[in-house]
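J.: Sharing a structure below in C-alpha cells format, with a few things to ask.
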Amino acid sequence: LLYQDQGLFDKAEPILKAGLAGAQKSLGESSPKTLAIMNNLAMLYESQGVFKLSEPLYNKTIILNEKTFGDNHQNTIASVNNLAYLFLIQERYDEAEKLFDKAFKIWKKELGINHQYTLKGLNNLARVYHKQDKLEQAEKMFDQALKLRKANLGESHPDVVRSMIDLAALYLSQHEQTKALKLATEAVELSEKVLGDKHPYTFEALNNLADIHENSGKLNLALSVRQ
C-alpha cells in the first residue's frame, strides 16, 4: 500500500498478488482482509491502465462484499465507487454516473456530508458531470467538495489536491483562464510538496497547468511544463 500510494506500481504489484494468494488460501475468499487486498489489486491494475484485469476483479469484489456484508455496507460501497471511477476513465459516463450517485447518496445518509468518503463521492460525481458538459452543476459540487475537504481534512490533504486539480480543469472548460491558472499552479505546488514529484496527482496537475498555458497561447511555457 505504501508503494501504491507513492505511485510505485511495479513494486506494489508482486506484493499485492502474493498477499491475495496467501489470504485466499489461509483466510478464505470472502474474508474482509482478502476482499480488501482484492480491491487494492484491482485499483493497482486500474492505475497501470490494465482495465481488462481491473474490471472483473472489481465486479468479483462487489459480489463477494454484497454476499458477505450486504448491499449498503461501507466495504461494498467503496468497491462500487472504485468501479465507477474505472468507468469514468474509460469514458463510460452514464455507467459511472449511476454508480457514483449510488455511492454518494449512501455515504451521505450513513456518514454525513462532512465525512471523507462522502466528499469523495461528491467530487467524483462532479467529475462525471464535467465530462457530460454539465458545467454549472459540476462547479457547485467541486467548490463544495474543496471547501469541505479543507475544513474537515486539512489544507494539505491529498484529497484537497484532487479537488484543486478537478476544479482548475473545470475553470479551463469554462474559459476562466485566470482562475484556472491560479488554482492549477497551487495544485502543482501542493502536490509536489505533499505527494512528491512522482505521484500520479502531480503528473495530472502538471498536465492541467500545461493545458492552461497552451489554451492561453503561451506555447513555450506549455512545452516546458510538459517536458
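The values are calculated or read from the model by the stated rules, or taken from the named source; none is laboratory data. Here the structure is a predicted model, which is why all the values come from computation and not from measurement. Using ideal geometry, Cβ is built from the backbone for each residue, glycine included, and neighbour counts are taken over all protein chains shown. Just the protein is used for accessible areas: all its heavy atoms, side chains included, with ligands, DNA and RNA removed. Shrake-Rupley method; radii C 1.70, N 1.55, O 1.52, S 1.80 Å.
J.: Per the helix-only calculation at 222 nm, which mean residue ellipticity applies to the chain, given -39500 (n - 2.57) for every DSSP H run of n ≥ 4 and division by its residues, nearest 500 deg cm²/dmol?
T.: The helix contribution divided over the chain gives -27000 deg cm²/dmol.
J.: Now for a different question. Below 13 angstrom from the Cβ of GLU192, what's the summed charge of the other residues (Lys, Arg +1; Asp, Glu -1)? List each step's numbers first, then the result.
T.: Numbers: positive: LYS193, LYS198; negative: GLU186, GLU189, ASP197, GLU204.
Here the charged neighbours net out to -2.
J.: Counting heavy atoms of the protein chains only and a 1.4 Å probe, report the per residue accessible area for the chain as a whole number of Å².
T.: Dividing the accessible area of the chain by its residue count gives 52 Å².
J.: Another question, then. Principal axis lengths of the stretch 1-73 from Cα atoms, whole Å, largest first?
T.: 33, 25, 19
J.: May I ask you to work out the translational diffusion coefficient for the stretch 152-227 at 25 °C, viscosity 0.890 mPa s, via Stokes-Einstein with Rh from the Kirkwood sum over Cα pairs, reported in whole µm²/s?
T.: Details: Rh = 12.1 Å.
For these conditions, the coefficient is 202 µm²/s.
J.: Something else now. Cβ under 14 Å from LYS109's Cβ, LYS109 left aside: what net charge do those residues give with Lys, Arg +1 and Asp, Glu -1?
T.: Numbers: positive: LYS102, LYS105, LYS108; negative: ASP71, ASP101, GLU110.
Within the 14 Å Cβ shell, the charges total 0.
J.: Cross-link candidates for LYS193: which lysines have Cα within less than 21 Å, leaving aside residues fewer than 8 places away along the same chain?
T.: Partners within reach: LYS147, LYS150, LYS182.
J.: Gain in length, LYS218 to THR185, computed as 0.36 nm per residue apart minus the alpha-carbon separation, to one decimal in nm?
T.: Length difference between fully extended and current span is 10.4 nm.
J.: Which whole-number value in Å³ per residue fits the convex hull of the alpha carbons of the chain?
T.: Spelled out: Cα convex hull of the chain, divided by residues, is 120 Å³.
J.: Over the chain, calculate the relative contact order: mean separation of alpha carbon pairs under 8 Å at least 6 apart, over the residue count, as a percent.
T.: Taking the mean separation of contacting Cα pairs over the length of the chain, I get 11 percent.
J.: Measure off, as a whole percent, the carbon and sulfur share of the 1.4 Å-probe accessible area of the chain, all protein chains present.
T.: 52
J.: With a point put 7 Å past each Cα toward its Cβ, work out how far GLN144 is from ASP197 in nm, to one decimal.
T.: Each label point is offset 7 Å from its Cα along the Cβ direction, giving 3.9 nm.
J.: Considering just Cα atoms, how many Å³ per residue does the convex hull of the stretch 76-146 enclose?
T.: 69
J.: Mind listing the phi-derived Karplus ³J(HN,Hα) values for the stretch 83-90, rounded to whole Hz, using 6.51, -1.76 and 1.60 with θ = phi - 60°, and x for any glycine or proline?
T.: Those phi angles translate into 5, 4, 5, 4, 4, 4, 6, 8 Hz.
J.: Counting only pairs 8 or more places apart or on different chains, how many lysine pairs in the stretch 1-111 have C-alpha atoms closer than 14 Å?
T.: 4
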